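In what follows, a single structure is set out as structure tokens and then discussed.
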Amino acid sequence: MSAAVERRFGPYGGRYVPETLIPALDELEREWAAARADPQFKAELDTLLSDYAGRPTPLYRAPRLSEEVGATVLLKREDLLHTGAHKVTNALGQVLLARRMGKSRVIAETGAGQHGVASATACALLDLECVVYMGTEDMRRQRTNVERMKLLGAEVAPVDAGARTLKEAVSAAIRDWVANVATTHYVIGSAVGPAPYPALVRDLQRVIGDEARAQVLELCGRLPDRVIACVGGGSNAIGTFTAFLDDEQVELIGVEAAGEGLQGRRHSAPLATGARGILHGALSAVLQDEQGQILEAHSVSAGLDYPGSGPEHAFLRDEERVRYVAVEDAAALAAFRRTAELEGILPALEPAHAIAWLLSQPGSGGLELLTLSGRGDKDLAEVLSLSE
Amino acid sequence: MTGRERIAQAFAGHGRSAALMPYLMSGFPSHEASIEAVKAAVDAGADLIELGVPFSDPLADGPVIQAAGTAALEAGATPMRALDVCRSVGEQLPVVLMVYANVVAAAGPELYAQRAAAAGAAGLIVPDLPHDEAAPVREACDAEGLALAPLVAPTSTSGRVEEVGADARGFVYAVSLTGTTGERAELPPGLAQTVAGVRAATELPVAVGFGISRPEQARAVSELADGVIVGSRVVRAAEEGGAEAVRDLVSELASALA
């Protein structure tokens with residue numbers, strides 16, 4: 001863990017932000033390099049992750065899904081974590097880091113509300129002020145999560161610009177940080193943003209893959225043939241893939257949201273389709289027009305509804321280490337229902353995309369490991385309204 | 001004369017207590033109206049113009065300029081049409097384009113610099129391109145005689161201000177406050193110190209922007225700096241009263257710098 005915190009992944013990443021933030025990013029990079037090498041910090045975080053959040057999460061052999069797919073399907077059950085998704089692992093780590101850095105105030109952005117709830121939860125636990133930026137359209141769609149954040153003591157700051165969703169919420173959080181950088185830590189929710197965030201979030205989330213790799217060896221005595229995870233910004237995917245990057249025989253599949261189809265503009269698949277661009281501080285795969293304006297993304301899943309992707313994913317795509325595919329809304333909705341019927345598990349719509357991809361590839365006969373990044377209770381109203 | 005030389009001349013020959021650089025958003029409230037507003041600012045005594053290129057995700061901008069950019073895009077503005085606005089006054093005074101990094105990256109720095117120079121621009125300000133990332137754009141600007149004017153902030157360490165100053169072109173843009181663009185009631189208390197730090201790091205003129213809206217604020221800044229940039233207040237005038245309001249406001253600001 002003594003290596004430098006990466007600023008670039010091949011050509012991708014960097015720090016394309018106003019000059020005001022550069023000293024804060026320098027500080028964060030230094031503090032993270034020190035914290036991740038500090039046994040006391042690690043011990044405190046590990047205790048929170050095990051006793052409070054519920055790590056390690058199980059690796060579950062899903063028998064009926066396996067039968068349907070014609071392969072052995074193992075689900076990494078991040079949906080069983082406190083607050084219902086992998087996001088809490090990153091939030092606890094970053095809020096603990098904020099306290100270590102002496103920051104009294106935490107800001108976060110949220111789309112579906114999962115990262116906002118996770119950040120509000122961590123701030124309640126560690127007694128820090130918390131403001132969560134959320135687009136007003138997302139506030140309307142995810143009212144329960146808004147109420148949860150308020151109960152946890154967080155302020156939910158409405159963002160009324162653009163499409164009023166995640167992209168604008170990130171921009172508003174960055175503007176807040178520019179103005180309040182001395183007292184405030186910005187807890188970014190995915191492996192995106194200016195350096196060191198993509199590396200910091202990956203370092204915190206890689207526990208998913210580290211656990212899963214040990215569990216699959218214990219359970220099956222061998223590595224999986226394929227490891228599959230959904231990709232929006234890409235934190236659960238990079239957290240899952242990192243442990244397997246050096247296992248050349250393991251195929252890695254990132255599943256993006258194809259929305260209403262990749263032929264039009266109504267999708268969220270910058271890795272599968274996108275040109276290289278700069279969004280929210282990093283050079284990565286970005287949905288944009290020919291003159292560089294960022295396009296609105298579309299997905300039935302609010303957590304994948306983002307026009308950018310983590311810079312390390314763009315690098316892994318170019319290196320051909322990870323294959324990025326995309327699944328349309330309708331297939332994800334069908335997989336949501338099928339998983340409920342077969343396994344008694346409501347997956348979040350985000351990992352339902354990964355399950356849908358697996359369902360579309362029957363008969364491999366191999367060993368498939370898929371990260372179930374969150375539970376689907378939050379999506380129930382959306383799924384039911386779309387089924388009417 | 002190159003853009004860099006024209007900027008140097010504008011800072012040397014204005015005959016005021018500091019050069020006046022109003023900011024206007026191209027394409028706002030409409031393409032034609034923004035050309036009228038820019039011409040009015042020139043007529044009323046601007047020494048340089050900072051011309052905003054609308055972008056979908058302007059991280060350095062506060063509500064007024066952000067909303068103006070969004071409205072411009074909705075009205076059909078594009079980065080290419082912004083160059084037409086530049087062309088309309090580019091021969092009369094130096095125009096510095098304020099453009100976000102992805103717009104430059106989408107064209108490619110070389111092609112963007114060529115297009116900007118062909119449209120009569122004198123330089124670029126790229127608010128999300130800090131010093132560490134700036135070399136490719138600076139080299140492309142150098143090849144076209146354009147100045148890539150860097151920004152420094154109150155949070156910048158002295159070592160960093162030195163690095164930025166050493167590679168600056170045209171002028172150094174000192175951000176007055178820790179925050180985004182927008183009108184403020186008071187000038188920030190540490191401003192003199194920020195400007196003094198920048199001055200020690202460069203021979204180039206130092207222009208101050210962010211949070212300056214009223215004539216007395218402009219006058220106070222002119223006692224510290226070589227240039228005064230007024231943005232959100234001018235954009236608001238363009239919205240509320242069109243070219244006439246811009247003319248009145250810029251005249252008032254120019255008189256304050258007499």
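Failed condition for A:Arg206, given (1) surrounded by fewer than 24 Cβ atoms within 10 Å (Cβ to Cβ); (2) under 30 Å from B:Val126 (Cα atoms), with all others met?
The failed condition is (2).
In this structure, is A:Ser235 in contact with a strand residue (DSSP E or B) (Cβ under 6 Å, 6 or more places away or on another chain), buried (at least 20 other Cβ atoms within 10 Å of the Cβ) and in the same structural domain as A:Ala71 (by TED's automatic domain parsing)?
No: the conditions fail for A:Ser235.
Show the residue pairs that are 6+ apart or on different chains and have beta-carbon atoms under 6 Å apart, the first residue being within segment A:173-184 and facing chain B (nearest Cβ under 10 Å) and buried (at least 20 other Cβ atoms within 10 Å of the Cβ), the second being part of a loop (DSSP other than H, G, I, E, B) and hydrophobic (A, V, I, L, M, F, W, C).
So the pair list comes out as A:Ile174/B:Leu59.
Specify the residue that is nearest to B:Leu204 (Cα to Cα); the eligible residues are those in segment B:7-57 that are among the hydroxyl-bearing types (Ser, Thr, Tyr) and assigned to a loop (DSSP other than H, G, I, E, B).
For segment B:7-57, the residue satisfying everything is B:Ser17.
Kindly indicate whether B:Ala168 is under 17 Å from B:Arg4 (Cβ atoms), part of a loop (DSSP other than H, G, I, E, B), free of Cβ contacts under 8 Å to residues at least 40 places away in the same chain and within 14 Å of another protein chain (Cβ to nearest Cβ).
In short, yes.
Six or more apart or on different chains, Cβ atoms under 9 Å: show the pairs whose first residue is in segment B:63-74 and without any contact (Cβ under 8 Å) to a residue 60 or more places away in the chain and more than 9 Å from every other protein chain (Cβ to nearest Cβ) and whose second is among the aromatic types (Phe, Trp, Tyr) and not in a helix (DSSP H, G or I).
Partner pairs satisfying both residue conditions: B:Gly69/B:Phe28; B:Gly69/B:Phe55; B:Ala71/B:Phe28; B:Ala72/B:Phe28.
May I ask you to list pairs of residues, at least six apart or on different chains, whose Cβ atoms are under 8 Å apart, with the first in segment B:22-47 being free of Cβ contacts under 8 Å to residues at least 60 places away in the same chain and the second being surrounded by fewer than 20 Cβ atoms within 10 Å (Cβ to Cβ) and among the acidic types (Asp, Glu)?
Correct list of pairs: B:His31/B:Asp84; B:Ile35/B:Asp84.
State all residues of segment B:213-239 that are in a loop (DSSP other than H, G, I, E, B) and either crowded, with 24+ Cβ neighbours inside 10 Å or over 16 Å from the mean Cα position of the chain (by Cα) (or both); if no residue qualifies, say none.
B:Arg214, B:Glu223, B:Leu224, B:Ala225, B:Gly231
Here are some residues: A:Gln361, A:Gln288. Which one is touching a residue at least 24 places away in the same chain (Cβ under 8 Å), polar (S, T, N, Q) and not assigned by TED's automatic domain parsing to the domain that holds A:Val117?
Testing whether each residue is touching a residue at least 24 places away in the same chain (Cβ under 8 Å), polar (S, T, N, Q) and not assigned by TED's automatic domain parsing to the domain that holds A:Val117 leaves just A:Gln361.
So which of A:Leu81, A:Leu74, A:Leu97 ends up being within 29 Å of A:Pro307 (Cβ to Cβ) and either outside the structural domain of A:Thr144 (by TED's automatic domain parsing) or β-branched (Val, Ile, Thr) (or both)?
Of the residues listed, the single one that is within 29 Å of A:Pro307 (Cβ to Cβ) and either outside the structural domain of A:Thr144 (by TED's automatic domain parsing) or β-branched (Val, Ile, Thr) (or both) is A:Leu81.
The values are calculated or read from the model by the stated rules, or taken from the named source; none is laboratory data. Everything numeric in this text was worked out from a predicted model, so none of it was measured. With ideal geometry, Cβ positions are generated from the backbone for all residues, glycine too; neighbour counts draw on all protein chains shown.
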